[in-house]
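Below: one structure, written as C-alpha coordinates.
The values are calculated or read from the model by the stated rules, or taken from the named source; none is laboratory data. No experiment lies behind these values; they were computed from the predicted model shown. Methodologically, a virtual Cβ is constructed for each residue, glycine included, from the backbone with ideal geometry; neighbour enumeration extends over all protein chains shown. SASA here: full protein model, heavy atoms, side chains in, ligands and nucleic acids out. Shrake-Rupley method; radii C 1.70, N 1.55, O 1.52, S 1.80 Å.
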Amino acid sequence: MWLIFAFISAALLGCYDSLKKEALSGNAVIPVLFLNTLFCSFIFMPLVIVSASTSWLDQSQFHVPVVGWDTHKYILLKSLIVLSSWLFGYFGMKHLPLTIVGPINATRPVMVLLGALLIFGERLNLYQWIGVLLAVASFWMLSRSGKKEGIDFKHDKWIFFVVLAALLGAVSGLYDKYLMAPAKNGGVGLDRMVVQSWYNFYQCLMMLAVLLLLWWPKRKHTTPFHWHWSIIFVSVFLSAADFIYFYALTLPGAMISIVSMVRRGSVVVSFLFGAMTFHEKNLRSKALDLALVLLGMIFLYFGSK
(Lines give C-alpha, C1' and ligand atoms only; values in the text may rest on other atoms or scores of the structure.)
Protein backbone atom coordinates (compact mmCIF):
# COMPACT_ATOMS: atom_id res chain seq x y z
CA MET A 1 0.00 0.00 0.00
CA TRP A 2 2.83 2.42 0.81
CA LEU A 3 4.14 2.04 -2.75
CA ILE A 4 0.75 3.05 -4.18
CA PHE A 5 0.78 6.17 -2.02
CA ALA A 6 4.31 6.92 -3.27
CA PHE A 7 3.05 6.85 -6.88
CA ILE A 8 0.11 9.12 -5.98
CA SER A 9 2.54 11.52 -4.34
CA ALA A 10 4.71 11.45 -7.48
CA ALA A 11 1.74 12.37 -9.71
CA LEU A 12 0.79 15.26 -7.41
CA LEU A 13 4.41 16.41 -7.30
CA GLY A 14 4.51 16.46 -11.11
CA CYS A 15 1.42 18.70 -11.14
CA TYR A 16 3.11 20.91 -8.52
CA ASP A 17 6.22 21.36 -10.69
CA SER A 18 4.11 22.14 -13.75
CA LEU A 19 1.97 24.72 -11.97
CA LYS A 20 5.10 26.23 -10.43
CA LYS A 21 6.50 26.85 -13.90
CA GLU A 22 3.20 28.47 -14.87
CA ALA A 23 3.21 30.70 -11.77
CA LEU A 24 6.83 31.81 -12.34
CA SER A 25 6.54 32.65 -16.04
CA GLY A 26 7.35 36.37 -16.33
CA ASN A 27 6.79 36.79 -12.59
CA ALA A 28 8.82 37.88 -9.56
CA VAL A 29 10.19 34.80 -7.80
CA ILE A 30 10.37 35.94 -4.17
CA PRO A 31 6.72 37.02 -3.73
CA VAL A 32 5.53 33.86 -5.52
CA LEU A 33 7.56 31.70 -3.14
CA PHE A 34 6.38 33.71 -0.13
CA LEU A 35 2.73 33.25 -1.13
CA ASN A 36 3.28 29.53 -1.63
CA THR A 37 4.67 29.16 1.89
CA LEU A 38 1.85 31.38 3.22
CA PHE A 39 -0.90 29.28 1.61
CA CYS A 40 0.75 26.06 2.82
CA SER A 41 0.71 27.53 6.33
CA PHE A 42 -2.98 28.42 5.94
CA ILE A 43 -3.64 24.75 5.17
CA PHE A 44 -1.81 23.28 8.17
CA MET A 45 -1.82 25.87 10.98
CA PRO A 46 -5.57 25.42 11.65
CA LEU A 47 -4.79 21.75 12.30
CA VAL A 48 -2.12 22.79 14.82
CA ILE A 49 -4.56 25.11 16.62
CA VAL A 50 -7.45 22.62 16.65
CA SER A 51 -5.17 19.79 17.82
CA ALA A 52 -3.79 21.91 20.67
CA SER A 53 -7.13 23.29 21.86
CA THR A 54 -9.59 20.40 21.32
CA SER A 55 -9.70 16.61 21.08
CA TRP A 56 -11.53 16.58 17.73
CA LEU A 57 -8.52 15.33 15.73
CA ASP A 58 -6.96 13.06 18.37
CA GLN A 59 -7.65 9.79 16.55
CA SER A 60 -7.31 11.09 13.00
CA GLN A 61 -4.46 11.31 10.49
CA PHE A 62 -4.58 15.12 10.83
CA HIS A 63 -3.71 15.34 14.54
CA VAL A 64 -0.66 17.50 15.29
CA PRO A 65 0.88 16.70 18.70
CA VAL A 66 2.13 19.55 20.88
CA VAL A 67 5.95 19.48 21.03
CA GLY A 68 8.69 21.53 22.65
CA TRP A 69 11.88 23.25 21.56
CA ASP A 70 13.77 19.93 21.48
CA THR A 71 11.63 19.03 18.45
CA HIS A 72 11.24 22.47 16.91
CA LYS A 73 15.00 22.96 16.55
CA TYR A 74 15.14 19.98 14.17
CA ILE A 75 12.22 21.35 12.15
CA LEU A 76 13.81 24.80 11.93
CA LEU A 77 16.89 23.25 10.34
CA LYS A 78 14.71 21.32 7.87
CA SER A 79 12.89 24.56 6.99
CA LEU A 80 16.18 26.29 6.26
CA ILE A 81 17.41 23.43 4.04
CA VAL A 82 14.14 23.12 2.10
CA LEU A 83 13.69 26.86 1.66
CA SER A 84 17.26 27.23 0.37
CA SER A 85 16.54 24.45 -2.15
CA TRP A 86 13.30 26.12 -3.20
CA LEU A 87 14.91 29.54 -3.67
CA PHE A 88 17.55 28.16 -6.01
CA GLY A 89 15.03 25.86 -7.70
CA TYR A 90 12.42 28.59 -8.29
CA PHE A 91 14.94 30.98 -9.86
CA GLY A 92 16.33 28.19 -12.03
CA MET A 93 12.92 26.98 -13.16
CA LYS A 94 11.84 30.50 -14.11
CA HIS A 95 14.73 30.85 -16.57
CA LEU A 96 15.04 27.29 -17.92
CA PRO A 97 12.77 24.93 -19.91
CA LEU A 98 10.74 22.55 -17.76
CA THR A 99 11.98 19.66 -19.92
CA ILE A 100 15.53 20.38 -18.72
CA VAL A 101 14.77 21.17 -15.08
CA GLY A 102 12.68 18.00 -14.61
CA PRO A 103 15.35 15.45 -15.56
CA ILE A 104 17.96 17.28 -13.45
CA ASN A 105 15.65 17.12 -10.43
CA ALA A 106 15.05 13.44 -11.15
CA THR A 107 18.71 12.70 -10.33
CA ARG A 108 18.08 13.45 -6.62
CA PRO A 109 17.83 9.76 -5.63
CA VAL A 110 21.34 9.30 -7.03
CA MET A 111 22.55 12.21 -4.92
CA VAL A 112 20.84 10.70 -1.87
CA LEU A 113 22.60 7.39 -2.51
CA LEU A 114 25.97 9.08 -2.91
CA GLY A 115 25.27 11.05 0.27
CA ALA A 116 24.50 7.83 2.11
CA LEU A 117 27.75 6.42 0.72
CA LEU A 118 29.83 9.38 1.94
CA ILE A 119 28.02 10.24 5.19
CA PHE A 120 26.70 6.92 6.48
CA GLY A 121 29.40 4.69 4.96
CA GLU A 122 26.85 2.61 3.00
CA ARG A 123 28.02 0.36 0.17
CA LEU A 124 26.43 0.45 -3.27
CA ASN A 125 25.71 -2.82 -5.04
CA LEU A 126 26.03 -3.48 -8.78
CA TYR A 127 22.48 -2.38 -9.64
CA GLN A 128 22.90 0.86 -7.68
CA TRP A 129 26.20 1.65 -9.41
CA ILE A 130 24.55 1.07 -12.80
CA GLY A 131 21.77 3.47 -11.76
CA VAL A 132 24.35 6.09 -10.76
CA LEU A 133 26.25 5.73 -14.05
CA LEU A 134 23.03 5.98 -16.08
CA ALA A 135 22.12 9.19 -14.22
CA VAL A 136 25.57 10.65 -14.96
CA ALA A 137 25.20 9.68 -18.63
CA SER A 138 21.75 11.25 -18.81
CA PHE A 139 23.08 14.49 -17.30
CA TRP A 140 25.83 14.61 -19.94
CA MET A 141 23.31 13.99 -22.73
CA LEU A 142 20.99 16.62 -21.26
CA SER A 143 23.83 19.15 -21.45
CA ARG A 144 24.14 18.38 -25.17
CA SER A 145 20.41 18.91 -25.63
CA GLY A 146 20.68 22.20 -23.76
CA LYS A 147 23.38 23.49 -26.11
CA LYS A 148 20.87 23.33 -28.97
CA GLU A 149 18.85 25.95 -27.06
CA GLY A 150 21.85 28.09 -26.20
CA ILE A 151 22.20 26.71 -22.65
CA ASP A 152 25.79 26.02 -21.63
CA PHE A 153 25.77 23.70 -18.61
CA LYS A 154 29.29 24.77 -17.62
CA HIS A 155 28.64 28.50 -17.58
CA ASP A 156 24.89 28.99 -17.20
CA LYS A 157 24.16 30.17 -13.65
CA TRP A 158 20.55 28.95 -13.82
CA ILE A 159 21.78 25.39 -14.43
CA PHE A 160 24.01 25.83 -11.39
CA PHE A 161 20.97 27.02 -9.41
CA VAL A 162 18.91 23.94 -10.39
CA VAL A 163 21.78 21.56 -9.60
CA LEU A 164 22.33 23.25 -6.24
CA ALA A 165 18.58 23.00 -5.55
CA ALA A 166 18.73 19.28 -6.34
CA LEU A 167 21.73 18.82 -4.03
CA LEU A 168 19.95 20.60 -1.19
CA GLY A 169 16.85 18.53 -1.93
CA ALA A 170 18.96 15.40 -1.55
CA VAL A 171 20.28 16.72 1.77
CA SER A 172 16.67 17.26 2.83
CA GLY A 173 15.84 13.66 1.85
CA LEU A 174 18.69 12.31 3.97
CA TYR A 175 17.61 14.56 6.83
CA ASP A 176 14.01 13.29 6.49
CA LYS A 177 15.33 9.77 6.93
CA TYR A 178 17.04 10.86 10.13
CA LEU A 179 13.99 12.75 11.43
CA MET A 180 11.48 9.98 10.73
CA ALA A 181 13.55 7.01 11.84
CA PRO A 182 12.72 5.70 15.35
CA ALA A 183 15.14 6.57 18.13
CA LYS A 184 16.08 2.88 18.45
CA ASN A 185 17.35 3.03 14.86
CA GLY A 186 19.42 6.15 15.46
CA GLY A 187 16.80 8.67 14.33
CA VAL A 188 14.73 11.31 16.09
CA GLY A 189 11.34 9.66 15.61
CA LEU A 190 9.35 12.83 14.87
CA ASP A 191 5.64 12.80 14.10
CA ARG A 192 5.02 13.41 10.38
CA MET A 193 2.25 15.99 10.96
CA VAL A 194 4.45 17.95 13.35
CA VAL A 195 7.17 18.14 10.71
CA GLN A 196 4.91 19.09 7.81
CA SER A 197 2.82 21.62 9.73
CA TRP A 198 5.63 23.51 11.42
CA TYR A 199 8.25 23.49 8.68
CA ASN A 200 5.78 25.26 6.37
CA PHE A 201 5.12 27.87 9.07
CA TYR A 202 8.82 28.51 9.69
CA GLN A 203 9.47 28.78 5.95
CA CYS A 204 6.72 31.38 5.72
CA LEU A 205 8.38 33.50 8.43
CA MET A 206 11.76 33.19 6.72
CA MET A 207 10.31 34.16 3.34
CA LEU A 208 8.51 37.13 4.89
CA ALA A 209 11.89 38.42 6.09
CA VAL A 210 13.40 37.86 2.62
CA LEU A 211 10.43 39.60 1.00
CA LEU A 212 10.59 42.68 3.24
CA LEU A 213 14.37 43.03 3.36
CA LEU A 214 15.44 42.06 -0.17
CA TRP A 215 12.55 42.28 -2.62
CA TRP A 216 10.24 45.03 -1.35
CA PRO A 217 12.82 47.90 -1.35
CA LYS A 218 13.84 47.04 -4.95
CA ARG A 219 10.46 45.90 -6.30
CA LYS A 220 10.18 48.82 -8.77
CA HIS A 221 13.52 47.98 -10.36
CA THR A 222 13.09 44.21 -10.75
CA THR A 223 10.61 41.88 -12.43
CA PRO A 224 7.13 42.98 -11.32
CA PHE A 225 4.82 40.64 -9.47
CA HIS A 226 1.44 39.72 -10.93
CA TRP A 227 -1.21 37.49 -9.43
CA HIS A 228 -1.97 34.13 -11.05
CA TRP A 229 -4.39 31.51 -9.75
CA SER A 230 -1.79 28.80 -10.28
CA ILE A 231 0.02 30.19 -7.20
CA ILE A 232 -2.71 28.81 -4.94
CA PHE A 233 -2.76 25.44 -6.68
CA VAL A 234 1.03 25.16 -6.33
CA SER A 235 0.54 25.19 -2.55
CA VAL A 236 -2.42 22.79 -2.68
CA PHE A 237 -0.65 20.18 -4.80
CA LEU A 238 2.59 20.47 -2.83
CA SER A 239 0.79 20.07 0.50
CA ALA A 240 -1.14 17.05 -0.78
CA ALA A 241 1.99 15.45 -2.27
CA ASP A 242 3.99 15.92 0.96
CA PHE A 243 1.10 14.75 3.16
CA ILE A 244 0.82 11.48 1.22
CA TYR A 245 4.64 11.16 1.13
CA PHE A 246 4.97 11.46 4.92
CA TYR A 247 1.97 9.15 5.43
CA ALA A 248 3.53 6.51 3.16
CA LEU A 249 6.68 6.57 5.30
CA THR A 250 4.65 5.65 8.41
CA LEU A 251 3.16 2.50 6.87
CA PRO A 252 4.64 -0.92 7.76
CA GLY A 253 7.50 -1.97 5.49
CA ALA A 254 7.89 1.45 3.87
CA MET A 255 11.40 2.10 2.54
CA ILE A 256 12.34 5.76 2.24
CA SER A 257 14.89 5.01 -0.48
CA ILE A 258 12.17 3.46 -2.68
CA VAL A 259 9.58 6.13 -1.84
CA SER A 260 12.06 8.89 -2.73
CA MET A 261 12.87 7.26 -6.06
CA VAL A 262 9.24 6.74 -6.98
CA ARG A 263 8.52 10.40 -6.16
CA ARG A 264 11.10 11.43 -8.74
CA GLY A 265 8.82 9.78 -11.31
CA SER A 266 6.98 13.11 -11.14
CA VAL A 267 9.34 14.20 -13.92
CA VAL A 268 7.12 12.33 -16.41
CA VAL A 269 4.15 14.57 -15.57
CA SER A 270 6.20 17.79 -15.69
CA PHE A 271 7.91 16.71 -18.93
CA LEU A 272 4.56 16.12 -20.64
CA PHE A 273 3.28 19.44 -19.31
CA GLY A 274 6.34 21.25 -20.69
CA ALA A 275 5.86 19.58 -24.08
CA MET A 276 2.12 20.19 -24.40
CA THR A 277 1.63 23.53 -22.63
CA PHE A 278 4.88 25.42 -23.20
CA HIS A 279 5.70 23.70 -26.54
CA GLU A 280 9.37 23.36 -25.57
CA LYS A 281 11.99 22.36 -28.13
CA ASN A 282 14.25 19.34 -28.81
CA LEU A 283 11.76 16.97 -27.20
CA ARG A 284 13.07 13.87 -28.94
CA SER A 285 16.60 14.16 -27.55
CA LYS A 286 15.30 15.23 -24.14
CA ALA A 287 12.95 12.24 -24.10
CA LEU A 288 15.98 9.97 -24.53
CA ASP A 289 17.69 11.76 -21.62
CA LEU A 290 14.55 11.27 -19.54
CA ALA A 291 14.40 7.59 -20.48
CA LEU A 292 17.96 7.13 -19.20
CA VAL A 293 17.03 8.81 -15.90
CA LEU A 294 14.00 6.56 -15.50
CA LEU A 295 16.04 3.47 -16.40
CA GLY A 296 18.57 4.50 -13.78
CA MET A 297 15.76 4.78 -11.23
CA ILE A 298 14.63 1.25 -12.11
CA PHE A 299 18.13 -0.07 -11.41
CA LEU A 300 18.20 1.89 -8.14
CA TYR A 301 14.83 0.37 -7.25
CA PHE A 302 16.01 -3.22 -7.74
CA GLY A 303 19.33 -2.46 -6.10
CA SER A 304 17.59 -1.10 -3.01
CA LYS A 305 15.11 -3.94 -2.53
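Annotations
- Loop-located trypsin sites (Lys or Arg not before Pro) in segment 129-200, at most 13 other Cβ atoms within 10 Å (DSSP): 148, 154
- Top positive-direction residue, dipole computed over the chain with Cβ charges, set 54, 252, 270: 270
- Charged side chains reduced to their Cβ positions (Lys and Arg at +1, Asp and Glu at -1) give segment 1-126 a dipole of some 280 debye around its Cα centre.
- Centre-to-centre, using Cα atoms only, segment 230-294 and segment 10-61 are separated by 17 Å.
- Gyration tensor (alpha-carbon) shape descriptor, the chain, a/c threshold 1.5: oblate
- Length-normalised contact order for the chain - Cα pairs under 8 Å, 6+ apart - percent: 43
- Span-like helix ranges in the chain, DSSP H, alpha carbon extent 18 angstrom or more, Kyte mean at least 1.6: 29-53, 230-250
- Using only side-chain charges placed at the Cβ, +1 for Lys and Arg and -1 for Asp and Glu, the dipole size of the chain relative to its Cα centre rounds to 700 debye.
- The chain - accessible surface per residue (Å², probe 1.4 Å): 48
- Partners for residue 286 among lysines (Cα-Cα distance below 21 Å; same-chain residues under 8 apart left out): 20, 21, 94, 147, 148, 154, 157
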